[in-house]
Amino acid sequence: MKLLLSILLAGFLGTLVFLGPIGIYILCAIIVGVIFRLFILINEIHKQVVPINSNDRAKDVYKRYIKEREERERETNV
């Protein structure tokens, strides 16, 4: 059923091109709308998959490295 609906929708969008500039404008507006909605959905999925306060291992390792380097500098300066 979804395949048939997709075929019919693609056929309808294809016929819009033959309507001239108005059809091409409508087709481009539909494509831009779909892309915009896709970006919104990807952003929402990203927010759910990657929490805001997630621990980043690279950030933790970098902080530990800076802390150890500062300690070594203090020991050599003493």
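FYI, it's all coordinate maths here, none of it is from the lab. On a predicted model such as this, the values are computed, not experimentally measured, just so you know. Every residue, glycine as well, gets a Cβ built from its backbone with ideal geometry; the counts of neighbours run over all protein chains shown.
Sparsely packed loop sites in segment 1-76 (the trypsin sites (Lys or Arg not before Pro) outside DSSP H, G, I, E and B with at most 11 other Cβ atoms within 10 Å) do not occur. The Rg/Rh ratio of segment 1-50, with Rg taken over Cα atoms and Rh as the Kirkwood radius over Cα pairs, comes to 1.16. A helix-only calculation puts the chain at -29000 deg cm²/dmol for mean residue ellipticity at 222 nm, using -39500 (n - 2.57) for each DSSP H run of at least four residues, averaged over all residues. Taking a straight line from the alpha carbon of K67, these lysines sit under 24 Å away, with near neighbours fewer than eight places off in the same chain left out: K59.
Of all complete DSSP H helices in the chain, those with a Cα span along the helix axis of 20 Å or greater and a mean Kyte-Doolittle hydropathy of 1.6 or more are 2-16, 21-49.
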